[in-house]
Structures are given as structure tokens and as C-alpha cells.
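Just so you know, all these numbers are worked out from the coordinates, no wet-lab data involved. Everything quoted here is computed from the prediction, not taken from an experiment. Cβ placement follows ideal geometry from the backbone for every residue including glycine, while neighbour counts extend to all protein chains displayed.
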Amino acid sequence: MSRPLLTTLSPRLTGTLLALTSAASFGVMPVLTKVVYDDGTGVPGLLSIRFSLAALLLLLLARLRHEALPRGRQLLTMFLLGAIGYGVESLCYFAALTTISAGLSALLLYLYPALVVVLTAVLTRRRPSTKATTCVVVASAGTALTIGPLQGGHSTGVLLGLASALAYCVYIVVSSRQVRGTGPFATSGVVMGGAAVVYDVGAVVTHAVVPHRTSAWLALLTVALVGTVVAVSTFFAALERLGPADTAVISTFEPVVSVVVAALTLGEVLSTRQLVGGLLVLAAVAVLARAPAYVVPLDAP
């Protein structure tokens, strides 16, 4: 009997496939979220249900797979990653949307792969390879083309967008140091549990509205299952195999998926610019799948 496919692949290729799965799972969320919002559900209600359901499912999967939960300091760190890391990033991102365009908000957020590469280089004292640096530039350019034309915005919104990118960068780098020794479902369950506590309190304080229509509930359940359980668990599994820099750059595949899904389900037209942007992102991912991001110590001659 043949072994499962992922066990026959190299760790690097396995990590790349997991990161792409995570990005694709995150990428379907904008269309699903639109269905929930159209039903009258606000941000607090959506996020509270999303993270609470996801945390319960992830912890159940961890138990079924006999994954040990983190303990002590590691448990506290992971919980705070969800409560603070996700909380600050989401708060800044959604606050930015109130003053600047969605396109500019998304573009500012997707500065995080470059920030992750820089921060990882500083912390590990290894200089990014020329190939990795080129991939960051190409993926960032592809992301900008995929997102499309930008509109002007308020300086406060721009600062909030940059803050969301920085918060997500720190979240990824810190997470990469916590994933060893625990399974992806246990790790994800604790992190999502931390986020759930914050958003549940927010939902109660703001008297959050929940979905009414069946279609909105189905969309929200899919957000919790695909856009959170699958997306976050595969992200942490990729993080363990690839490290923060490569995982972050490969995650630029997410807006490509979002644009394609919107075109297929909402009838939005894909422009030549967006197709070129998507190809640039895929090219960067293909190169990173074969080469490590860091090869030279920073203090090397």
C-alpha cells in the first residue's frame, strides 16, 4: 500500500504545499464574509463566532489525533499570540478600512512578508539570499498588481495599515519559535482560543448581531472551517517546516485566490494586470519552493 503523498515529499516541498493550502483557504474568506455582512452581521459578531467555532474544532481535532497541548510558558505565549497578535492586527486593519480604501489597506497589510524577512534576518543573524530577496520583491509587485488601483486615503489610515502589517509580522516571527514540540491542531486551537476570548468579550460589550438567513450561517460556518481551521492549522504546519520568511512570502498567494474566487462567484472581471500579478506571485512561490531564504551569516566576510 502506497504511503500518503505528503510523507513521500521533501520537507521543503511539503511546507510549500501546506503554505499554499493555507493561503488558498484564507483567500476564499472575502467572498464568504461578504455574504455574512450582507445579512446584517457586523464585524464583532462574525469574528466571535468564527474564532469560537474554530477553537473548539481545532482542540477537538488535537484530542482525536492525540496531540499534547502546550504547557506553562508556551501555553501562555500561544494564548497571547491569539489574544494580542490577532487582536491588534485585526483591530488596526479594520480601523484602517474606515479611512482608506480596501485596496490600499490590503497593500499595506501585504508589506508583512518583507518585514518578516528583515526581522528574521536580524533575529537569526543570517543575511537573506539574493534569490530570496528577489522573490520578496517579485511577490510584493505581483500582490500590488493583483490588488489593483489604489485610492487616496487619510494619513491615520495609512499608519493603521502599516501597524497591521507590523503586528502580523511580529505574530508570525514569534509563532515560528513556539510551534516546535506541539502538533498543528493543538497550536492552532490555543491561538484561536486566545482570539476567541477577546472577540467574545467584544461581541457581548457591543451587543453584536448574528446572522439570520441560512445562507449567511452556511457562509460563516465555512469561514470557520475552511478560512480558519484549515487555513491556520496548515499555516502553522508550514511555519514549522519552512520558517517565517518563506511562509510569509508564499502567503502572498492569498490575494490571488481572493481575486480569482471573486471572478468565478461574483462575476468580477479579471484584468490583464491582475493576471500578470498572479503569475508573478506564482513564479516567486515556485522559486522559493526550491531554495532556502537564508544562507549567509550577517557577520560573514
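Points worth noting:
- Mean Cβ neighbour count within 10 Å, used as a protection proxy, ranking 31-39, 110-118, 191-199 highest first: 191-199, 110-118, 31-39
- In a reduced charge model with +1 at each Lys and Arg Cβ and -1 at each Asp and Glu Cβ, region 10-294 shows a dipole moment near 920 debye about its Cα centre.
- Working from Cα pairs under 8 Å separated by at least six residues, relative contact order for the chain is 42 percent.
- Mean shadow area of the chain, taken as a quarter of the surface of its Cα convex hull (nm²): 17.5 nm²
- Prolate/oblate/rounded call for region 112-201, Cα gyration tensor, a/c under 1.5 rounded: oblate
- 3J(HN,Hα) along region 210-227, derived from phi through the Karplus expression 6.51 cos²θ - 1.76 cosθ + 1.60 where θ = phi - 60°, amounts to 9, x, 10, 7, 4, 4, 5, 5, 5, 5, 5, 5, 5, 4, 5, 7, 7, x Hz, with x in place of Gly and Pro.
- From its DSSP helices (H runs of at least four residues, each -39,500 (n - 2.57)), the chain gives a residue-normalised ellipticity at 222 nm of -23000 deg cm²/dmol.
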